[in-house]
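Single-structure report; data block below.
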Amino acid sequence: MTFHHAHIAQRVFDTPLLYDARKAEAFAIGLGGRIAGGTVAIANPAGAVDHVAFSNGRPSAGRLGDRMGRILTNRNQRPYDLVDGVAVIGIEGTLIHKGAFIGQSDSGDTSYQGLQTQIAMARNDMGVKGVVFEVDSYGGEVSGAFETATMIRALSKEKPTVAILTDFAFSAGYLLASQARQIILPEFGGAGSIGVIMMHANFAAFYEKDGVAITIIRSGKHKAEGNPFEDLPERVVDRWQSTADAMRDKFAETVALGRGRRLSKAQALATEADPFDAADSVKLGLADAVGDPSTAFDAFIKEVNRS
């Protein structure tokens, strides 16, 4: 058995992720076997969800403001759509650290790098009176997430912002949404999953069954700890747990900075990374209102253009 798609494997296994557990499980079921070259078993399944931000014919970052129609009639050089002085920035699909693209890639990824470019330009663009973040994401990578959240929070101090969920904002998706001045989600949307997940693949039993012996030569007794060919040492489990706990603490702290009195750090931690439906999200302070995304978008445009 060999690792296929190694560039994907190294971004998924043995590294902290701000993914909702159900999305991580769906990945392991759908691609884990293809990456590992064998069957992948899920311990303590959470209930996999097959979520694609702009599936079933929905345009990427296009429900709000009729993006597709306006592209046909008016092309501009800004990296975001501008509707009556309101910039629309999409936070959709899987969130990854680096990517030389703006918006969503063909594979459904949004890069923090691209988001940071859009946020910085919107902040300095005199033609931008306010910013709408169109959110539909189950989360993604840790690297780049907190820096992007800080940039959204800085933007929100200078210009009106709102995170309008067209479906869900879980984990890293919620981290970013929480930094807007207001969060609105649809009746059957959801928010939360304020936590960190790490996955480790152990193929020792699989190799033993096939009669394959793996020998690791190491200099330094801790070299290669956490590799997929040996049992995971307890000290590594403890270290990874400490890392995940520290990141979750940072997650809750950042959410509290964005939400202010509506959701404290202690309250964010008390959710225990649970994902919530729309009604409970508002009740707990994770979101501000339940409403139709298009109606909320129109209301925001009217508000920022009032003066």
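The values are calculated or read from the model by the stated rules, or taken from the named source; none is laboratory data. All values derive from a computational prediction rather than experimental measurement. Cβ atoms come from the backbone with ideal geometry, glycine included; neighbour counts cover every protein chain shown. For accessibility, only protein heavy atoms count, side chains too; no ligands or nucleic acids. Shrake-Rupley method; radii C 1.70, N 1.55, O 1.52, S 1.80 Å.
The table below gives the values:
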quantity: For residue 187: the one exception among (1) modelled with pLDDT of 95 or more; (2) surrounded by fewer than 23 Cβ atoms within 10 Å (Cβ to Cβ); (3) touching a Lys or Arg at 6+ places or on another chain (Cβ under 8 Å); calculated: (3)
quantity: Single residue of segment 198-211 satisfying the filter (free of Cβ contacts under 8 Å to residues at least 60 places away in the same chain and of a type outside the set (S, T, N, Q)) that is farthest from residue 246 (Cα to Cα); calculated: 211
quantity: Odd one out for residue 200, checked against (1) of a type outside the set (Gly, Ala, Ser); (2) surrounded by 15 or more Cβ atoms within 10 Å (Cβ to Cβ); (3) touching a Pro at 6+ places or on another chain (Cβ under 8 Å); calculated: (2)
quantity: Segment 241-291, residues that are surrounded by 13 or more Cβ atoms within 10 Å (Cβ to Cβ), more than 16 Å from the chain's Cα centre (by Cα) and assigned to a loop (DSSP other than H, G, I, E, B); calculated: 263, 264, 271, 285, 287, 288, 291
quantity: Residue 227 touching a Pro at 6+ places or on another chain (Cβ under 9 Å), in a loop (DSSP other than H, G, I, E, B), more than 30 Å from residue 90 (Cα to Cα) and not aromatic (Phe, Trp, Tyr); calculated: no
quantity: Members of segment 112-137 found to be closer than 22 Å to residue 99 by Cβ, of a type in the set (Gly, Ala, Ser) and surrounded by fewer than 17 Cβ atoms within 10 Å (Cβ to Cβ), listed by number; calculated: 120
quantity: Search result, residues across segment 117-149 that are of a type in the set (S, T, N, Q) and in contact (Cβ under 8 Å) with a residue 60 or more places away in the chain; calculated: 137
quantity: Qualifying positions in segment 139-166 - touching a His at 6+ places or on another chain (Cβ under 8 Å) and open to solvent by 10 Å² or more (accessible area, probe 1.4 Å); calculated: 141, 143
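Quick grid of which residues meet (1) more than 30 Å from residue 138 (Cβ to Cβ); (2) at pLDDT 95 or above; (3) of a type in the set (Ser, Thr, Tyr):
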residue: 210; (1), (2), (3): yes, no, no
residue: 228; (1), (2), (3): no, no, no
residue: 262; (1), (2), (3): no, yes, no
residue: 283; (1), (2), (3): no, yes, no
